[in-house]
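Read through the structure below, which is laid out as structure tokens, and then see the notes.
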Amino acid sequence: MACILLAEDDHSMRQFIKKALERAGHNVTESEDGLSALNVLTADGGDRFDLLLTDIVMPGIDGIELAQKAAQLCPKIKVMFITGFAAVAMDAKKSQPEQNAKVLSKPFHLNDLVQQVDVLLTKAA
């Protein structure tokens, strides 16, 4: 299916999300923060990723800055933000790098996440 770069600083959450997406048939590369995700995008050229799934609030480079840099490196990448901070989610909607982005607030059910990822991936770029 899709190749997804997951940037989430919470180890347990990252593992749950990764397993759910892999069970749905996606190939997931995980990063523990925004900087390591940016390094993956830079090293690979980013073209192999269909989706950046990123937490918004992370140490170092936050998810919004990561998404902006990802959009510059690979303009076709789609972005989904996940956050536990409703106010941050509202601000993120205003500063999304492209219309290819979506915000999903925590807590969420993993089935809902997988469904939202599939919907976003099937939208025309």
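The values are calculated or read from the model by the stated rules, or taken from the named source; none is laboratory data. The model shown is predicted, which means the values in this text are computed figures rather than measured ones. Note that we place each Cβ from the backbone using ideal geometry, even for glycine, and neighbour counts take in every protein chain shown.
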Evaluate region 54-72: report whether one residue or more is at pLDDT 85 or above, closer than 20 Å to Ala2 by Cα, of a type outside the set (S, T, N, Q) and not in a helix (DSSP H, G or I). yes
Matching residues in region 1-19 - criterion: being farther than 16 Å from His109 by Cα and among the small types (Gly, Ala, Ser): Ala2, Ala7
Every residue in region 65-76 that is touching a strand residue (DSSP E or B) at 6+ places or on another chain (Cβ under 9 Å) and surrounded by fewer than 22 Cβ atoms within 10 Å (Cβ to Cβ), please. Ala71, Cys74
Which numbered condition trips up Leu21, out of (1) under 18 Å from Leu113 (Cα atoms); (2) under 11 Å from the mean Cα position of the chain (by Cα); (3) crowded, with 20+ Cβ neighbours inside 10 Å? (2)
Looking only at region 31-46, which residues are charged (D, E, K, R) and either crowded, with 19+ Cβ neighbours inside 10 Å or part of a loop (DSSP other than H, G, I, E, B) (or both)? Glu32, Asp33
